[in-house]
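Have a look at the structure below, then the notes.
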Amino acid sequence: MESSLTIKFRGAEAALLDRLVRSGLFATKSEAIRAALVKYGGDLGLLRAKDLWTAIKASPKRRVSAAQLRKDVRKAEDAE
């Protein structure tokens, strides 16, 4: 199943999305929104952790070196 949606963000939500991407935690705003939706679904009990991990394991992995991961984490910490 696939779904497309165009959403406009202003104010605090727009600033937060920009910060999430600038910090390096997410590659794109779309990725950040997808992650937030999954988190919210889990918090509401609409997604079971077991099902979520099964889906995560089935998806292609992002190849990141240990050095790049350290750099991304430092960048995210500095953005706080």
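In what sequence do Arg62, Arg74 fall when counting other Cβ within 10 Å, fewest first? Walk me through the numbers on the way to the answer.
Numbers: Arg62 6, Arg74 11.
With the sparsest Cβ surroundings first, the list reads Arg62, Arg74.
Explain nothing, just the number: dipole magnitude of the chain about its Cα centre with +1 on each Lys and Arg Cβ and -1 on each Asp and Glu Cβ, in debye rounded to the nearest 20. It would help to have the intermediate numbers written out before the result.
On the way: 17 positive and 10 negative charges, 61 e Å.
Roughly 300 debye for the chain.
Run the numbers on the range 11-79 and let me know its relative contact order in percent, using alpha-carbon pairs under 8 Å that are six or more apart.
43 percent
Pairs to check: Lys8/Lys50; Lys8/Lys71; Lys8/Lys39; Lys29/Lys50; Lys29/Lys61. Give those whose C-alpha atoms are more than 28 Å from each other in this structure. Kindly include the intermediate steps, with their values, before the conclusion.
Working: Lys8/Lys50 33 Å; Lys8/Lys71 31 Å; Lys8/Lys39 21 Å; Lys29/Lys50 26 Å; Lys29/Lys61 19 Å.
Table pairs above 28 Å Cα-Cα are Lys8/Lys50; Lys8/Lys71.
Order of Arg19, Arg70 from fewest to most other C-beta atoms within 10 Å?
With the fewest neighbours first, Arg19, Arg70 line up as Arg70, Arg19.
Cut-off is 10 Å between beta-carbons; in what order do Phe26, Phe9 appear when sorted fewest neighbours first?
Sorted ascending by nearby Cβ count, the order is Phe9, Phe26.
All of the numbers you see were taken from the coordinates with simple rules; none came from a lab. If you're wondering where the values come from, they're calculated on a predicted model, not measured in any experiment. Glycine gets a Cβ as well: all are built from the backbone with ideal geometry, and neighbour counts include every protein chain shown.
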